[in-house]
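Working notes, beginning with the structure itself.
The values are calculated or read from the model by the stated rules, or taken from the named source; none is laboratory data. These figures come from a predicted structure and were not determined experimentally. In this analysis, Cβ positions are derived from the backbone assuming ideal geometry, glycine residues included, and neighbour counts consider all displayed protein chains. For the accessible areas, the whole protein counts, side chains as well, though only heavy atoms, and no ligand, DNA or RNA atoms are used. Shrake-Rupley method; radii C 1.70, N 1.55, O 1.52, S 1.80 Å.
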Amino acid sequence: MMSINNIREYHEALQKIDELLIKVGDNQSYNNPEFVMLDRLSDLLADFEDANYKIETPSLIDVVKLRMYEMGLKQSDLASKLQVPKTRVSEYLRGKRDITLDVARKLHHELKIDGDIILQ
């Protein structure tokens with residue numbers, strides 16, 4: 001199989017991978033033909049998924065909300081960290097106001113949000 005071209009082939013490859021995982025077990029050697037097939041099928045599946053099931057970069061607002069949840073922060077806590085009024089945080093989270101460069105830097109440093117997400 002040179003590539004996976006449709007959903008039927010995709011499901012067949014998934015089933016074959018399940019079978020090979022059981023057979024290969026701990027024998028992860030390129031001298032084992034079943035391991036080589038497992039490795040190749042995994043690459044083909046990844047290629048098909050990349051082409052057909054793209055995962056979009058989340059919006060900055062969604063990431064900020066998630067990070068607030070993870071860190072147990074309320075809007076007032078975030079306002080303190082960003083050194084802006086609480087009403088400004090509310091405007092950011094509702095998309096009513098654009099995030100300034102200064103606030104973007106603080107989001108990166110205080111909430112550890114990846115710069116690529118901030119700059120999107």
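Taking every protein chain into account, the accessible area of the chain amounts to 71 square angstrom per residue (probe 1.4 Å). Between ILE22, ILE61, ILE99, the residue with the greatest mean-square fluctuation in the GNM of the chain (Cα pairs under 10 Å linked by springs) is ILE22. Take each complete run of DSSP H in the chain, measure how far its Cα atoms stretch along the helix's own axis, and keep only those covering 27 Å or more with mean Kyte-Doolittle hydropathy at least 0.0; list them. The qualifying helices: there are none. Computing FRET efficiency as 1/(1 + (r/R0)^6) for HIS11 and GLN120, where r is the C-beta to C-beta distance and R0 is 30 Å, gives about 0.35.
Atom-type composition of the exposed protein surface of the chain places 51 percent of the accessible area on carbon and sulfur (1.4 angstrom probe). For a quick check of understanding: with a 1.4 angstrom probe and all protein chains in place, what accessible area in square angstrom does ARG40 have, to the nearest ten? Its heavy atoms expose roughly 100 Å² to the probe. Anisotropy class assigned to segment 2-82 is prolate, per the alpha carbon gyration tensor with a/c at or over the 1.5 cut-off and a/b larger than b/c. Under a Gaussian network description of the chain, with springs only between Cα atoms under 10 Å, the residue in LEU44, LEU21, LEU60 that fluctuates furthest is LEU21.
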